[in-house]
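One structure below.
The values are calculated or read from the model by the stated rules, or taken from the named source; none is laboratory data. Note that this is a predicted model, so its numbers are computed, not measured. Don't worry about glycine lacking a Cβ; one is built from the backbone with ideal geometry, like all the others, and counts go over all protein chains shown.
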Amino acid sequence: MELLKKHLMSRRGFCLCCISGTAMAANGWLSPNEAFAEARGIVSLIKDSAATSPVLTHKLRNNVSVLEGSGGNVAVLTGPDGKVLIDAGIGVSRPQIAKALAELGPEPITHLINTHWHFDHTDGNAWLNSVGAKIIAHENTRNRLSQVQRVEDWDYNFLPHPSGGLPSEVFATERTLQLNGSTLALKYYGPAHTDSDISVLFRDADILHVADTFWNGIYPFIDYSTGGSIDGMIAASDANLAETTDRTVIIPGHGKPVSNRTELKEFRDMLVAIRENVAALKKQGRSRDEVVAAKPTAAFDAKFGNFVIDPSFFTRLVYEGV
Ligand SMILES: [Zn+2]
């Protein structure tokens, strides 16, 4: 636990998605009780860390910025209609986020879009709503935030949000917003990282926030408990490639927050190659542990294996879906 603590505390902006990767890297598969204790401890660690981590602002273009340091990467559009946030970060980061937002201009916060239901993207919903943000999301995000959610790989139960933290406007496939002279196109991926993921395209600025379908330069978490799968992640990556050009600025859910199509393509090709390797081994009848031992991610570990979803945990996630 001490090592784990150091590992987690050393990183700014780590997320709940990363919990079981770390727990399992240290201990293999934990018993349910052990994992529950670990997860509860790590939720506290994440909140403690988010409470003190700085939030950095990266200015992009056309009044769009990205805030880094509280859970998933948060995009902000400013203008006369008020600030529009893509994702909420973690609640205890409120002082740092409020300060970063104030430095972007005096406008009130009027809109919040959740890219999916996970804690590290929605924990700040209630405070942002309390200062005036209308919350918009896919209908599955509201459904999941309205009820207890069990994430099997974390062996953890998340409690429902209070009503102010729930999206008040939801959609099923697509939604377009006109705000601050910009067109925002919201689009549902279908099941990918969860069953609630959407992309947000700032059409005029040519900036695409791709939720947790893209972890820039690191292995991703895939939440099978709430509808995610490796094939869904690959399909979402293909959709992201189809939606972008070399000029597009891409905001990943996690990892270096200002990205591009070249990095996105590398991530997509990594997913496809590892899926093929794991599927071939599984087809030979090998067990999950035998597949992990065969190191099907080896060619990619130096580049993608340095964050908290480590090579063996990522292999288990892929194995589950092929
Ligand atoms: Zn997530």
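Some notes on this structure:
- Test for F313: is it touching a Gly at 6+ places or on another chain (Cβ under 7 Å) and over 17 Å from N216 (Cα atoms): yes
- Considering V200, V210, the condition of being more than 13 Å from the ligand (Cβ to nearest atom), among the β-branched types (V, I, T) and buried (at least 19 other Cβ atoms within 10 Å of the Cβ) is satisfied by V200 alone.
- Qualifying position, being surrounded by fewer than 21 Cβ atoms within 10 Å (Cβ to Cβ), modelled with pLDDT of 95 or more and under 19 Å from D87 (Cβ atoms), among K187, K265, K282: K187
- Residue match in segment 230-242 (condition: among the hydroxyl-bearing types (S, T, Y) and either away from the ligand (no atom under 16 Å from the Cβ) or not in a helix (DSSP H, G or I) (or both)): no
- Within segment 53-103, tally of residues that are free of Cβ contacts under 8 Å to residues at least 12 places away in the same chain and either within 21 Å of I136 (Cβ to Cβ) or not charged (D, E, K, R) (or both): 3
- G89 meets all of the listed conditions (1) closer than 27 Å to P191 by Cα; (2) outside any loop (DSSP other than H, G, I, E, B) but one, namely (2).
- Of all residues in segment 68-86, those satisfying the criterion of being over 18 Å from the mean Cα position of the chain (by Cα) and either over 13 Å from L179 (Cα atoms) or surrounded by fewer than 22 Cβ atoms within 10 Å (Cβ to Cβ) (or both) are T78, G79, P80, D81, G82.
- Extreme residue, nearest to the ligand (Cβ to nearest atom), among residues of segment 108-118 that are surrounded by 16 or more Cβ atoms within 10 Å (Cβ to Cβ) and part of a loop (DSSP other than H, G, I, E, B): H118
- Counting only residues that are in a loop (DSSP other than H, G, I, E, B) and either out of contact with any Leu (no Cβ under 8 Å at 6 or more places or on another chain) or of a type outside the set (G, A, S) (or both), segment 72-81 holds 5 of them.
- Candidates K47, K99 - the one that is in a helix (DSSP H, G or I), away from the ligand (no atom under 16 Å from the Cβ) and at pLDDT below 95: K47
- Flag for L177 being aliphatic (A, V, I, L, M) and over 19 Å from the mean Cα position of the chain (by Cα): yes
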